[in-house]
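Chemist: Got a structure for you, questions after.
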Amino acid sequence: MPAPPPAAAPPAAAPSAAARLTPQELEQLCDFLYRRTGLAYGEAKRYYVERRVAERLASSGAPGFAAYMARLRTSPEEAEALVNSLTVKETYFYREAYQLQCLSGWMLPEIAARRRPGDRIRLWSMPCATGEEAYSLALWLLENWPVVDAYHVEIVGSDIDTRALAAAAAGEYGARALSRLPPGLVARYFERLPDGRHRIVQDLRESVRFVPANLVEPASMAAQGGFDVIFCRNALIYFDKASRDRAMENLHKALLPGGFLCLGHSETMAPLMGRLRPRRFPGALVHQRAEEA
């Protein structure tokens, strides 16, 4: 009698048995994540969530889901690690460059007309992931706004993912992140590392400040102060309506009167149209907070 064929090995990426969640466990975990981040997970993202939970179970040493949930509720560090593993970090330098052109060509000249030389102008990249978009603001202004040195330009990058913020502060990037930058710009503002990656020069690293913030938490947003221009691109699409409304309210409060908000091309601030008005500049549609009377 021939021997039976060997059992097929499970896919390498499949979550371990300890991380296969019952519908009730998945609901419990997703409710925890929603209250913490405003991001709506669920059955449609079961496999994605289970893979991350499997990684955290192995790393934390929790014997099972119940013990892991107990740890999440009592350990801010573990909750932060899980959130870090779940957030999306798709970005690169000079992403959606038409908004950068609008920044130097239209938005900043309009803001500067209301200021005096030496006054502060604040820009916020939120969420900033690993820093490419926040550093892009600094690079773009150095190259394309001739009066940049006449003002105190402050650039802040924020994200809920603290691990991404640490990578942003380090400022080291691979070829894909730099693919949209002209070679001359890379040569001027980056130094090549032994592993082939590039690190943004120290002066530019020091020109951008990275701090954690959560779009749906009013206190963490308000702690950063007011901004003249906020870039919040392709983040609201991951929220349900309730979380999106909270995030939009927080973004509105973070804008200084007359300030501009730049969203992703598929996003809208329709619920706040009474307080934010659309401004169509050549090549870009942005939203502006009304000036105070």
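Chemist: Give, in nm to one decimal, the length gained when the segment between ALA170 and LEU193 is fully stretched (0.36 nm per residue of separation minus the Cα-Cα distance).
Modeler: Residue separation times 0.36 nm, minus the Cα-Cα distance, leaves 7.0 nm.
Chemist: Further question on the same structure: What's the magnitude of the charge dipole for region 42-196 around its Cα centre, counting Lys and Arg as +1 and Asp and Glu as -1 at the beta-carbon? Answer in Debye, nearest 20. It would help to have the intermediate numbers written out before the result.
Modeler: Details: 19 positive and 20 negative charges, 43 e Å.
So the magnitude is around 200 debye.
Chemist: Let me ask something additional. Using a 1.4 Å probe over the heavy atoms of the protein chains, calculate the carbon and sulfur portion of the accessible area of region 96-230 as a whole percent. Intermediate values should be presented prior to the final figure.
Modeler: Numbers: 3190 of 5940 Å².
On region 96-230, the fraction of accessible area on carbon and sulfur atoms equals 54 percent.
Chemist: Output the 0 to 90 degree angle, nearest 10, between the alpha-carbon long axis of helix 132-144 and the longest principal axis computed from the alpha carbons of the chain.
Modeler: 20 degrees
Chemist: Need one number: convex hull volume per residue for the chain, Cα atoms only, in Å³.
Modeler: On the way: hull volume 54.2 nm³, N = 293.
Enclosed volume per residue, from the Cα hull, is 185 Å³.
Chemist: Oh, and also: Using a Förster radius of 22 Å, what is the FRET efficiency between ARG120 and ASN144 based on their Cβ-Cβ separation? Nearest 0.05, please. Don't skip to the end; give the middle numbers.
Modeler: Details: r = 20 Å, r/R0 = 0.91.
After rounding to 0.05, the efficiency reads 0.65.
Chemist: Same structure again: In Å, what Rg and Dmax follow from the Cα atoms of region 176-280?
Modeler: Using the Cα atoms of region 176-280, the pair Rg, Dmax is 17.3, 53 Å.
Chemist: Efficiency by 1/(1 + (r/R0)^6): what FRET value for ARG275 and GLU27, r their Cβ-Cβ distance, R0 = 45 Å, to the nearest 0.05? Spell out each step's value before the answer.
Modeler: Details: r = 35 Å, r/R0 = 0.79.
Plugging the Cβ-Cβ distance into 1/(1 + (r/R0)^6) gives 0.80.
Chemist: Work out from phi, with θ = phi - 60° and the Karplus expression 6.51 cos²θ - 1.76 cosθ + 1.60, the ³J(HN,Hα) of each residue of region 151-166, listed in order in whole Hz, and give x for Gly and Pro.
Modeler: Karplus-based 3J(HN,Hα) across region 151-166 equals 10, 8, 8, 10, 10, 10, x, 9, 7, 7, 8, 5, 5, 5, 5, 5 Hz.
Chemist: Follow-up question, since we're still on this one. Using the alpha-carbon atoms, what tilt in degrees (0 to 90, nearest 10) does helix 76-86 show relative to the longest principal axis of the chain?
Modeler: 80 degrees
Chemist: To continue, here is another question. Which value, in debye to the nearest 20, describes the size of the charge dipole of the chain about its Cα centre when Lys and Arg Cβ atoms bear +1, Asp and Glu Cβ atoms bear -1, and nothing else is charged? Intermediate results must be reported in sequence, preceding the final value.
Modeler: Numbers: 36 positive and 33 negative charges, 60 e Å.
Roughly 280 debye for the chain.
Chemist: Could you check the spin-label model distance between ALA97 and ASP240? Points 7 Å from the Cα along Cα→Cβ, value in nm.
Modeler: Between ALA97 and ASP240, the simple spin-label model gives 4.0 nm.
Chemist: On the full set of protein chains, 1.4 Å probe, figure out the accessible area of TYR47 and give it in Å² to the nearest 10.
Modeler: Accessible surface of TYR47 is approximately 110 Å².
Chemist: Just the number please: accessible area per residue for the chain, 1.4 Å probe, all protein chains included, in Å². Spell out each step's value before the answer.
Modeler: Numbers: 14340 Å² over 293 residues.
On a per-residue basis, the chain sits at 49 Å².
Chemist: Okay, next question. What figure in square angstrom, to the nearest 10, would you give for the accessible area of ILE237 with a 1.4 Å probe?
Modeler: It works out to around 90 Å².
Chemist: Cut-off 10 angstrom, C-alpha nodes, Gaussian network model of the chain. Which of GLN99, GLN202, GLN24 fluctuates the most?
Modeler: GLN24
Chemist: Could I ask something else about it? I want to verify a result. In a Gaussian network model of the chain, Cα cutoff 10 Å, which of these has the top mean-square fluctuation: ILE121, ILE160, ILE230?
Modeler: Residue with maximal mean-square fluctuation among ILE121, ILE160, ILE230: ILE121.
Chemist: If I build a Gaussian network model for the chain, linking alpha-carbon pairs within less than 10 angstrom, which residue out of PRO182, PRO282, PRO257 has the largest mean-square fluctuation?
Modeler: Per the Cα network of the chain with a 10 Å cutoff, PRO182 tops the list.
The values are calculated or read from the model by the stated rules, or taken from the named source; none is laboratory data. Just so you know, these numbers come straight off a predicted model, no measurement behind them. For neighbour counting, all protein chains shown are included, and Cβ atoms are generated from backbone atoms with ideal geometry for every residue, glycine included. For accessibility, only protein heavy atoms count, side chains too; no ligands or nucleic acids. Shrake-Rupley method; radii C 1.70, N 1.55, O 1.52, S 1.80 Å.
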